[in-house]
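Taken together, the values in this text are just the output of simple stated rules run on the coordinates, not laboratory data. For clarity, every value in this text was computed on a predicted model and none was experimentally measured. Ideal geometry is used to build each Cβ from the backbone, glycine not excepted, and the neighbour counts take in all protein chains shown.
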Amino acid sequence: MTALLVAVGGAVGAALRFLLGHLLDRDLPVGTFAVNVVGSFLLGLFTALSLDEQLLALLGTGFCGGLTTYSAFAVQTHARGRRGALYAALTVVVALGACALGFWVGQA
Amino acid sequence: MTPPLPRLLAAVALGGAVGAVLRHAVGEAVPDGSGFPWTTFAINVSGAFALALLPALAAVRRSRTLAVALGPGVLGGWTTLSATSEQGRSLLDQGRPALAAAYLLGTLLTALAAVTVASHWSRPEEQAAFAAEEGDR
């Protein structure tokens with residue numbers, strides 16, 4: 001049952017990531033950047049809300065995990081050479097900040 | 001022939017479900033624990049390596065549907081930046097900034113090194129074609 005919830009969340013998250021990348025990724029991967037930041041915010045929020053196991057499997061492990069991507073982030077960074085350093089630093093720092101913000105909102 | 005967007009989305013969704021379930025299963029079998037999150041680290045580094053390897057596969061170069069099912073689908077579902085952010089946040093919250101920095105920077109540098117190595121198996125034009133087909137999302 002838990003695996004099914006992870007699968008459903010992962011399917012929706014991955015499709016949404018691809019759609020936003022399709023619409024927004026250009027020279028700078030704005031869409032991929034956005035899903036990584038939003039997914040990190042949501043996982044921080046869900047963690048603070050102490051969701052029950054099933055809901056966390058669907059929304060956290062499944063949806064947030066499917067929405068965000070480290071593989072594309074790394075490949076996009078590598079392909080952009082020196083400009084990739086800025087993209088990588090921005091993603092890691094802003095996603096971490098968004099996660100902390102989400103956690104803070106969830107605790108309030 | 002370019003497959004229509006709904007078909008690409010369906011392929012990504014299917015692959016994403018598979019990748020997320022695999023990540024979940026590995027996380028259950030080998031939990032991250034309270035120190036350096038080695039399991040998530042290994043998931044992200046292996047996923048980055050595999051994504052950079054895809055342009056080397058003839059079957060992936062032939063089929064855009066397969067490219068997005070495996071890249072943005074399976075490997076996008078397998079890897080996670082949200083869990084990495086949350087683990088970094090949690091380590092900072094526990095007053096372990098050095099470990100948080102080592103984890104976040106260590107994941108980034110190791111994943112980039114893995115991509116560099118995997119890129120040796122395909123030509124730059126094959127990598128560019130893979131990106132143009134949105135395999136790198």
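Here are the numbers:
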{"item": "Helix-derived mean residue ellipticity, 222 nm - over chain B, DSSP H n ≥ 4, -39500 (n - 2.57), to 500", "result": "-22000 deg cm²/dmol"}
{"item": "Residues with amide H under 5 Å from that of B:D136, placed H, sequence gap 5 or more", "result": "none"}
{"item": "Cβ neighbours within 10 Å from other chains - mean over B:18-30", "result": "5"}
{"item": "Peptides B:90-96, A:7-13 ordered by average Cβ neighbours within 10 Å, highest first", "result": "A:7-13, B:90-96"}
{"item": "Chain A: relative contact order as a whole-number percent, Cα under 8 Å and 6+ apart", "result": "41"}
{"item": "Integer Hz, Karplus 6.51/-1.76/1.60 couplings in order for segment A:5-11, x for Gly and Pro", "result": "5, 4, 5, 5, x, x, 5"}
{"item": "³J(HN,Hα) computed for each position of segment B:90-95 - Karplus, 6.51 cos²θ - 1.76 cosθ + 1.60, integer Hz, glycine/proline x", "result": "5, 5, 4, 4, 7, x"}
{"item": "Within the protein assembly as shown: Cβ-based charge dipole about Cα centre, in debye rounded to nearest 20 (Lys, Arg +1; Asp, Glu -1)", "result": "540"}
{"item": "Highest-first arrangement of A:81-89, A:55-63, where packing means the average Cβ count within 10 Å", "result": "A:55-63, A:81-89"}
{"item": "For segment B:58-78 versus segment A:20-95, the gap between their alpha-carbon centres in whole angstrom", "result": "19"}
{"item": "Within 10 Å of each Cβ in B:66-76, the average number of Cβ atoms from other chains", "result": "5"}
{"item": "Sorted largest first, extent of chain A alpha carbons per principal axis (Å)", "result": "43, 30, 19"}
{"item": "Peptides B:48-58, A:26-36, B:63-73 ordered by average Cβ neighbours within 10 Å, highest first", "result": "B:63-73, B:48-58, A:26-36"}
{"item": "Net charge dipole size for segment A:2-107 [Lys, Arg +1 and Asp, Glu -1 on Cβ; Debye, nearest 20]", "result": "440"}
{"item": "Computed log₁₀ I(q)/I(0) - Debye formula, equal Cα scatterers, no solvent, chain B, q 0.12, 0.18, 0.20, 0.22 Å⁻¹", "result": "-0.51, -0.98, -1.12, -1.24"}
{"item": "Shielding by other protein chains, A:30-42, mean Cβ within 10 Å", "result": "3"}
{"item": "Placed amide H near A:T68: partners under 5 Å, 5+ positions off or other chain", "result": "B:L81, B:S82"}
